[in-house]
Every structure is written in C-alpha cells, then in structure tokens.
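The values are calculated or read from the model by the stated rules, or taken from the named source; none is laboratory data. Keep in mind that this is a model prediction, so the values were computed, not measured. Cβ: placed from backbone, ideal geometry, glycine included. Neighbour counts: every protein chain shown.
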Amino acid sequence: MIYVIYIIVCNRIQPYMTMISISDVLRRIKESSAEEVVAEHLEQIRKSKFNTFITVAEDQSLQRARLIDSEESESNGRLSGVPIAIKDNISTKGIKTTCASHILDGYIPPYDATVVERLYNEGAIVIGKTNMDEFAMGTSTESSYFGPTRNPYNPDCVPGGSSGGSAATVAAGEVAISLGSDTGGSVRCPASFCGVVGLKPTYGAVSRYGLISYANSLEQIGPMASNVQDLALLYSIIAGYDPKDSTSVDVGTGTGAKTGEGTGAGADTNAEVRGLKIGIPAQYFGEGIDPAVEKAVRNGVHDLEDSGATCTEIDMPHTDYALAAYYIIAMSEASSNLARFDGMRYGLRTEDKDVITTFSDVRALGFGEEVKRRIILGTFSLSTGYHDRYYLKALKIRTLVKQDFDSAFKDVDVLITPTMPMPAFKIGELVDPISQYLADVNTVPINLAGVPSVSVPCGSTRGLPIGMQIIGRYFDESRILGVAAAVEAARG
C-alpha cells in the first residue's frame, strides 16, 4: 500500500508519470512480498490512461509471485519477483500474443521465447503483453488493432513505435523494465520519445527464437528501462548464444555467451570516458533535424568532452541511401514472413469457402492498412522483372552502409547522433505514411549494418524528451552502455 501511495503522491507532483527502478521493486518486495508488489503493479496498470497493454496476465503473474514467496521456492535470481512487460510479438506460453493484429486476436502460443525463458530463470514475472504497431510496422503505435498508446509525458502525443507500449509503461511507472523489438528503430524511437533508455543489440547477440518475424535479417529483441544500470542488467540476462536460433552468434565462452550471461555483459556503468574517441557523422545532423534536438545532443557531447573525451566530425557518405534500401528490404522480408497468416491453423477464421477465397477474406479482414501496404510493396519488390531493380540493389546499398560503419570504427570508439530527428509528435499528426518513414532516418542504418546502439535521454523540448543515440562496434555493448551511463549522470 505504501508503494501505491508513493506513486500517487509523485503523480500529483508530476502529473503524468514517475519512473521506478529494479532496486525500488526489489526493496519493496523485501519489505512486503512479491505477491503484494505484483498486485500493486496490476492496480497501477488497471488505472492507466495510456493504453500500454494489450493483455494483462493477472492470474499468471500472481500465481508466479506466490510461488516465489513460498517457503519451497529456492529462487535467488537477479530479478526474483520483479514484474516485466513483454512486447506482444514475443511468444509467451499460455499468455495471448497478437502482434497487435486482428488476424492473431486470441492466439495463445504453446511455448516461450528464449528471452522469456531466461527471464523466468532469473525469477522475473511477466505481468502482461504491451501494445505496439501492428506486426511491428510503424513509428507511433497508432496502427495497433487495439488502439493507440499515449505518451506519459503528454497524452496527446505518440509514444513512438513500434514498441510504444513497452516504452510508455516504463515511463509511466507501471513497470521498471520491459522488452521490445527493433527492426529499424522500434526500441530506440519510443525510448527517445518517452524519455527512457533502450538498446538495439548487435544482430545475433540476443536470441530471436519466439519472436514473430517481420524482417528476419534486421530485427533484434532489445531491453528498455528507466536507467542505464537496469538496462545493462536486463541485457546481460537475455543475451547469449541460442542453438534454437540460426541467427544467434556464439562469440565465445569468455563473454558468457554460451551460458546466457550475455555478450558484453557486466557493462561498467561508471566507465571512464577520458580518452574516448567520439565520431559525429555529419549526415545525421542534416536537413529535417529539429534545432532543439541537435542542441540537446551536442550539449550531451560537450559534457563527454568535459570529461576527457575527444570529438571529430566524420563522413558516412551512403547514409543518404539507407532509408530507401531499408524499406525495400524490410517490406520484401515482411511479404514473405506474413504469408503464413492464412486463417487455416490459428488466429482469425472467416466463413469457410474455397481455399483461395478464404485465404483472401482472412487477410483482407485481419490485416490493417499499414501491414497491407508493406506486404503489397514488398511483393512488388520481389516480383519477376523488379527483383534485381529493387531488392538486389537495396542489398548492395546495405553492404555500402555497413562499410561506412566499418571505416568509421577504425578511427573512433563510438558514434553519437540524435536518436530521432524530432520529439514526439501529436497523435494523428503524421497521417502520410511517408512522413513516418522519414522519421526513421537516423535509426535504420544501424539495423542495416547490424551494429549495436542505445538511446539515452539527453534533454527535453516543449516538455517532451530528447534521445541521444550512441552507436558501437559489433558486440561492444559494454562500451556504449558505459558511455550512456556517463551521459545519464551528466545530463540528469
């Protein structure tokens, strides 16, 4: 009860939200019980005005909390009793998983994703599945079949996407930590818009087993938290080699990758930045960047310089082509991946007719407009006569983008850019899909190259947060999390 009163009092001081940390939750569990803490979180979620969750796993989470509280339980995990929110495109056994789409409404997976298994092994409690853009296709969480999520800093604004629910629920203090997925910025965009920290790991560092695919060669599951220390802990739990995932990378026993301890685990969040070489890519500060965003990011860089880091402007010439290449590749992979949703085995089923008509009816009724748009464009890009003209050319550009990063990291330790070119926009403001696609200009190159990056708050404008993006070498999550912690300390 004290915990709930604390949240209510803070909300009166700061009208919309107050964040909590893992240590806050563990302290409260020690004072009372896991069951009581889960009940308090459930009450907070129940009163939420932000539409952060699609499914709240009330019975399952309370049952698991009782088990942790029981004398028979020998759980001593790092997250023992801590509630966590999971994006609704990550499989959870016995808990509905919809991808925010009508076509999967009511689908309950028969297995857990590897990341969920690892969380359970550390005593975490899945409290529910968060709202998102349908099939993770979007930048605002407005395309969800279950309605838009609202930004806790300003409920008239979007929380970003596609992991908008996962970011907003942390920002609103409903949970301390959450998981999202990032195909072209879907962890970092909402982290920036909601004033939390979010990590897009190196491609292959975190198992994709149990993630419902949108674009296999681009997407990664990523952690979100209210602070860098919690983010580093959560990442260390979910990262590591998984033989069930063909895209998982075994980087050697020295990193703990085989044991699930995480690649780049144990990030030094008090890392010394003296001597750090920072690259500032000119192309990421170009046309379309809000002046307040650029100022906040550059002020954050100046703080690092004051701590002994050195900065240099660098050129990444193929950045201008990354956005077009990304959308061709992502939509092409989506058109292939989403062909499996036909209403024959699970999810939505219309009145049975012949196979072709039933298949067409299910998809017409089950998919939203944005998903249909991307399937059509992706199918076109892969069609005879256009495959080489679009898809193959996009793959070649992807290689050039990767080479830009390889070249840059010969001279610098990290790259720093704005996460998003603007703060959160109003719900319904960007109705033209091209406008939303353009908002991903600073995040999609990272997915094309497969390198890791983290978004950390570095300022605000008009009452809305601004995120700084810190990009690192492959499997160098430890370094970028250390830099993010330094920014967090300096910027408050």
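Kindly evaluate LEU415 against the criterion of being surrounded by 24 or more Cβ atoms within 10 Å (Cβ to Cβ) and either without any contact (Cβ under 8 Å) to a residue 60 or more places away in the chain or in contact with a strand residue (DSSP E or B) (Cβ under 6 Å, 6 or more places away or on another chain) (or both). It is true that LEU415 is surrounded by 24 or more Cβ atoms within 10 Å (Cβ to Cβ) and either without any contact (Cβ under 8 Å) to a residue 60 or more places away in the chain or in contact with a strand residue (DSSP E or B) (Cβ under 6 Å, 6 or more places away or on another chain) (or both). The residues of region 119-148 that are buried (at least 24 other Cβ atoms within 10 Å of the Cβ) and of a type in the set (D, E, K, R), listed by number, are LYS129, ASP133, GLU134.
Per the listing ASP354, ASP342, the residue uniquely surrounded by 13 or more Cβ atoms within 10 Å (Cβ to Cβ) and closer than 23 Å to ILE103 by Cβ is ASP342. Do the conditions hold for PHE135, that is, is it touching a residue at least 12 places away in the same chain (Cβ under 8 Å), over 11 Å from the mean Cα position of the chain (by Cα) and assigned to a loop (DSSP other than H, G, I, E, B)? Here the answer is no, as PHE135 does not meet what is asked.
Specify the residue that is farthest from ALA330 (Cα to Cα); the eligible residues are those in region 134-170 that are of a type in the set (D, E, K, R) and out of contact with any Cys (no Cβ under 9 Å at 6 or more places or on another chain). Reasoning before the result, please.
First pass over region 134-170, keeping only residues of a type in the set (D, E, K, R): 134, 142, 150, 156.
After this cut, where a residue has to be out of contact with any Cys (no Cβ under 9 Å at 6 or more places or on another chain) as well, the list is 142, 156.
On the way: GLU142: 19, ASP156: 29 Å.
Among those that are of a type in the set (D, E, K, R) and out of contact with any Cys (no Cβ under 9 Å at 6 or more places or on another chain), it is ASP156.
Name every residue in region 106-125 that is at negative phi and in a loop (DSSP other than H, G, I, E, B), in order of residue number.
First, the residues of region 106-125 that are at negative phi: 107-122, 124-125.
Result: TYR107, ILE108, PRO109, PRO110, TYR111, ASP112, ALA113, GLU122, ALA124.
When region 181-201 is limited to residues that are under 20 Å from TYR327 (Cα atoms) and β-branched (Val, Ile, Thr), the one that is surrounded by the fewest Cβ atoms within 10 Å (Cβ to Cβ) turns out to be THR183. Suppose the filter is modelled with pLDDT of 95 or more and among the β-branched types (Val, Ile, Thr); does THR312 pass it? Against the criterion (modelled with pLDDT of 95 or more and among the β-branched types (Val, Ile, Thr)), THR312 qualifies. Only helices (runs of 4 or more DSSP H) whose full extent lies in region 283-372 are considered here, and the ones with at least 1 residues that are in contact (Cβ under 8 Å) with a residue 40 or more places away in the chain and within 17 Å of ILE470 (Cβ to Cβ) are 291-306.
For every residue, the table says whether it meets (1) surrounded by 23 or more Cβ atoms within 10 Å (Cβ to Cβ); (2) on the phi > 0 side of the Ramachandran plot; (3) at pLDDT 95 or above.
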{"residue": "LEU179", "(1), (2), (3)": "yes, no, yes"}
{"residue": "TYR209", "(1), (2), (3)": "no, no, yes"}
{"residue": "ILE221", "(1), (2), (3)": "yes, no, yes"}
{"residue": "LEU234", "(1), (2), (3)": "yes, no, yes"}
{"residue": "LYS258", "(1), (2), (3)": "no, no, no"}
{"residue": "GLY264", "(1), (2), (3)": "yes, yes, no"}
{"residue": "LYS277", "(1), (2), (3)": "no, no, yes"}
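Counting only residues that are surrounded by fewer than 24 Cβ atoms within 10 Å (Cβ to Cβ) and under 16 Å from the mean Cα position of the chain (by Cα), region 238-250 holds 0 of them.
Condition check for ASP476 on (1) over 22 Å from ALA215 (Cα atoms); (2) without any contact (Cβ under 8 Å) to a residue 40 or more places away in the chain; (3) of a type outside the set (S, T, N, Q): one failure, at (2).
The strands (runs of 3 or more DSSP E) falling completely within region 380-481 that include 1 or more residues that are of a type in the set (Gly, Ala, Ser) and within 25 Å of MET224 (Cβ to Cβ) map to 453-461, 464-471.
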